[in-house]
């Protein structure tokens, strides 16, 4: 057992529902092991500027269900400056921090690794991002909630699409991956799903999108038609695609960009449980000496993964569902 | 008592949550009085094309909680043709319709009035639109649900705005009125609300918007700042306004356009109750001979209002809340 | 204008969604008028024990959407002791409180009136209770949310009742009034609603309940049958009634007691707006000298009502809907 | 490839959110392979009585988001009669059914196996139950939604428990397993979780429950205390336990029995996706000749499992979380 006396935690990058549940689990687990916890504010900025608060059990009471993060989050350009990582390491030393837990995505983990060059303490990551684009874990904290938030919007749009017998395009987040779009699209019964993993769309050839629309209208007189579009999969996004489609098929296509509502909201059960598990696991593994790893979950079990490899993006989206959607979904 | 044997109902214009609850109440009330009910599909289009279905109690079972409308809705350019209204009247006569109930907004009611020039039967309107922009009723069916849908999104955006200490602009529907924006803005604790009733925004002078932002940041170090923007209150909408503000104050302002999710979803209790009340009242008043009126609710009581005056837009948004928001809300 | 320098607020009795929104409005309005606000904890207990906190704008930031009450609530037996009111008045004087705002139901208002016998400052009530059983206001803070919470449960039970073609009894709160039951029952499409206002049920004669059930089953082969039962309308509650019905008609009837989930949850828009309006209005009226009154809303307008008459229970539940439900609902 | 021309599907036992999504996937997948699908009504009853409907793509349009089951569900005592299985097999032959898909729990699967003794066609099960108590699959359809429904109630009760600083007991479903209770309890931040897997409670010795309550009150002055109680883990349920605790510790403990609301509601994304995947997989595997197996999901991959072993209950609840909750949760 490594003797850790003082532990720090921060949330970095885009906020994700469940970050608070993770902070809570870290604090409760550490407290039970007589480890002091401090929380840096605004991601790595709070570390650089030594803006922090001590976190006791009472500070994490009744936060498991809250969206956002009580520690605030932020991007941190200062850390990317030449002397940023060294300064961050200095701050950790000055504050007698034995270990730092970073809750965020692979970009935030790169920041942690940069610091490790100048820091003797332990560093561990916990994957918190709605995008699920982190290697070494089946799911990231916030992903499940983002799906249900998107789904809620899709269900509502379906109501009005159905009432009006219209074509709607719904653009979902995901940075450069289609996890949210595939999951929410399948769950929402979307007639088509357009995401980066399905190959780049050619704006000059919309036939692959148009054909199934016309097929559905011909064959089934289908009342509504929903296309889920992952962000960054068409130049100009869903709005441009809707305009192009309207022009091409002569039926009005409307776009709806969900945007930042996908980041907020009370986390669903799956995210709270994952966040609790990974937060608790991270503290335990720090006590076992772990460093430069991420606490993830694979096949239902908590496990460690090299922080350096979390950005590899080798993780595939469910091939069974991809195949099914392409064969049947747009039928 | 007027002897009505056959009654028709249609939903027209933008769909609104609660339209199904209204159809259900009409059918149940009529059935109890031995009146046959048919429903035209796709608004006035179904009337012109005689596309309809008979509606019995079993057809409206378990629809009170559904968004959209089982009768579908649509705009109907054909009715605005020179001979449209006469043809619609002919269809009503051919189908032996003694009375027609139109669920929709003031545009749909104008359609009904045009038909009345050629039709001897009774015509009654029920206000169904999320925008609440119909005179002669305190509330329209769908308004309460639209507020809560917008609010749900605002709460989620607040989570992420709060985590990031950012400025967000949320654009809400409402056509040319600010009912939804004022209600959702007040309920969401928005720091500013921009809507047509508060006077036209001058794109060349953003100071009235910028000043309170800077004041809040200076005085309170406020973590998040939310501005609710009614559609049609700034050229180019919230996206353009966000860009202009970002440029003017040097802090990134993000826009989120809620769009069509505001039309869908299971109606909240208030809308289901209003829809039930007005649907039942409309049938009863038809039996008492009412025609060319709208069934609305004023001060908690169902009442009739001339269909011809429903578009007058004399209805004011709550002056107490307007004043409070302007004095305090942006404090 | 009365010069108020220091204002106190407390929440008392059963908590209701929207109480936090009301506290927020009070603090923001008072702050804008340079009035200091303190909040007593745990209802009148905090007053008697001088347990309180100063409330600034930052303390009410981001609470408009939270259920419960940041000031905590409680019943206060100590206030009902012989010298309780005098001691409470003494505490108010010692703390230099010019005016006290009590957010609660008519029981809490009686407590405030008892104190007034010994206190020279101003006292004002704001109606906060899910039960809506306060005279002098059309709606109380929390009522709208309780309806939607009950409705959400009813919709879910309908799903399973429908799948199983079963009879379900759902017991809702409301103390001795049927406001919640009537509203949620109508909105949930309940086949029957049993509430105090419809007359006392005679346990020895269940025929008025059984007849419509048998009628529905005979006539329509209806798949599900939902009965909303207000608490205190049958000895032993919905569980006993379900057993009696099961025995009497030979079809299994199941009871579901919603209980305390009806008190919690994020307030819906209507409650947040009402709470904001009444909280702001209460402060303004105190500044105009008002005392021993309740700030309520009638016909959409904020207004004052003698605190002494708020428990009169002269307020009727919507007669139109009562009649309709009795004629049609159980059809 | 086995040539299947006609496929039947039925839902049996307690209904679960996602059953409709599963029916939809079965129909869409079969239609794409030119397999005709019929659906029996009311579980095995519809099979015995040959009450069924043909299911085309249009029948499953817009049902993915609906709770309950469009095919209705029921227990079927007739199937358990001596000649029940043989009669069911006869019905399948008469209707030229090549394969039957049963969506339900292990009890329903036993019914299917009984039929297999008299039937040459194929039989496949899909696990649909909120209780997650089926071996051979990590998750059952409906489990994820039940957790979030329970969680929503727990969050609401927390609001009022917190406002009142009270002790609440929330009883959740699960038959004889604690999956829902552990998951919802962890996710809800419950201070204690009582479920069958944690050992039988001895009504004569409540000390193991009482001690942590007193510890929490002493140590932290904790405002609210929530105990999640799985059904069937204390004689008389949560109501009796609450009474016993109130008596033992002198603080009022209140019980809330969630009951049947846990079965209903629109399925969350995870359940819709699982249901879609398993429904599609079941049809594909039938075409590959599979029979007397259940289509489940293990470690994210669809897989088959002997129907005869689904009731073994060897599946453990997450040992990491069990341990954590016992060490930390009640801290």
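The numbers here are math on the coordinates, done by the rules we state, and not lab data. Computed from a prediction, not measured in an experiment: that's the story for all the values here. Please note: Cβ atoms are built from the backbone with ideal geometry, for glycine as well, and neighbour counts cover all protein chains shown.
Laid out as a table, the results:
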| read-out | value |
| --- | --- |
| Other copies of residue C:53: label-to-label distances in nm, shortest first, labels 7 Å along the beta-carbon direction | 1.1, 5.6, 5.6 |
| The range C:194-328: Rg to Rh, with Rh as the Kirkwood radius over Cα pairs | 1.10 |
| Sorted by Cβ density within 10 Å, fewest first, the residues A:52, C:225 | A:52, C:225 |
| For A:116, D:181, order by how many other beta-carbon atoms lie within 10 Å, fewest first | A:116, D:181 |
| Convex hull volume per residue for the range A:62-113, taking Cα atoms only, in Å³ | 108 |
| Taking B:170, A:322 and counting other C-beta atoms within 10 Å, the order from fewest to most | A:322, B:170 |
| Between the range A:299-331 and the range B:131-192, the alpha-carbon center distance in angstrom | 37 |
| Helical mean residue ellipticity (222 nm; -39500 (n - 2.57) per DSSP H run of 4+; nearest 500) of the protein assembly as shown | -11500 deg cm²/dmol |
| Kirkwood Rh and Cα Rg combined as Rg over Rh, evaluated for chain C | 1.05 |
| Two-decimal Rg to Rh for the protein assembly as shown - Kirkwood Rh, Cα set | 0.95 |
| Label point 7 Å beyond Cα along the C-beta direction, distances from residue D:289 to other copies (nm, shortest first) | 5.3, 8.1, 9.7 |
| Pair-distance profile P(r), taking every C-alpha pair of the range D:146-263, with 5 angstrom steps and integer % | 2, 12, 24, 27, 20, 11, 3, 0 |
| Share antiparallel - DSSP beta bridges, chain C, percent rounded to 5 | 20 |
| Among beta bridges that DSSP assigns inside the range B:35-185, antiparallel share in %, nearest 5 | 30 |
| DSSP beta bridge pairing in the protein assembly as shown, given as percent antiparallel to the nearest 5 | 20 |
| Where rotation carries A onto D, the chain A residue whose Cβ is nearest that axis, in whole Å | A:299, 2 |
| Label spacing, shortest first and in nm, from residue D:252 to its equivalents in the remaining copies (7 angstrom along Cα→Cβ) | 3.4, 5.1, 5.7 |
| Centre separation in Å (Cα based) which lies between the range C:195-273 and the range A:85-116 | 59 |
| Cα-based helix-to-principal-axis angle, D:207-220 vs chain D, degrees rounded to 10 | 60 |
